[in-house]
1. Starting from the Cα of residue 4, step 7 Å along the direction of its Cβ; do the same at residue 40; then give the gap between the two resulting points in nm.
2. Over the chain, what is the mean sequence separation of C-alpha contacts under 8 Å (at least six apart), divided by residue count, expressed as relative contact order in percent?
3. Nearest 20 debye, what's the magnitude of the dipole of region 41-80 about its Cα centre given +1 on Lys and Arg Cβ and -1 on Asp and Glu Cβ?
4. Using unit Cβ charges (K, R positive; D, E negative) and no other charged atoms, how large, in debye to the nearest 20, is the dipole of the chain about its Cα centre?
5. For labels at residue 15 and residue 49 in the simple 7 Å Cα→Cβ model, what's the distance in nm?
Amino acid sequence: VVDRDAEHDIDALIERWRMAGLLAALPRDESRLLALRFYRGLSQREISTHTGIPLGTVKMRMARAMERLRTALRDEDHPS
């Protein structure tokens with residue numbers, strides 16, 4: 001008998017490890033902001049206040065980081 005909850009937990013853990021690896025490959029200033037957003041649930045404004053980084057800079061770095069993540073995910077799915 002397959003325990004569906006355990007199977008789901010393992011899949012979720014693997015996905016978290018995968019994302020942690022992708023975040024670690026980003027420049028530190030970008031990965032830190034995404035970690036605050038996704039792991040701590042902070043808004044961009046809260047991240048700006050928390051870090052002292054101007055809101056516009058937070059938005060720019062997060063947009064750049066998300067584009068890098070999209071590229072990394074695409075490269076994983078379709079290696080050249």
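1. In this crude spin-label approximation the distance works out to 3.7 nm.
2. Relative contact order here is 27 percent.
3. Rounded to the nearest 20 debye, it is 220 debye.
4. That gives a dipole near 660 debye.
5. 3.0
Read-outs: derived from the displayed coordinates by stated rules, not from any lab. What you are looking at is a predicted structure, and each value in this text was computed from that prediction instead of being measured. Because the Cβ atoms are built from the backbone with ideal geometry, glycine has one as well, and the counts that use them run over all protein chains shown.
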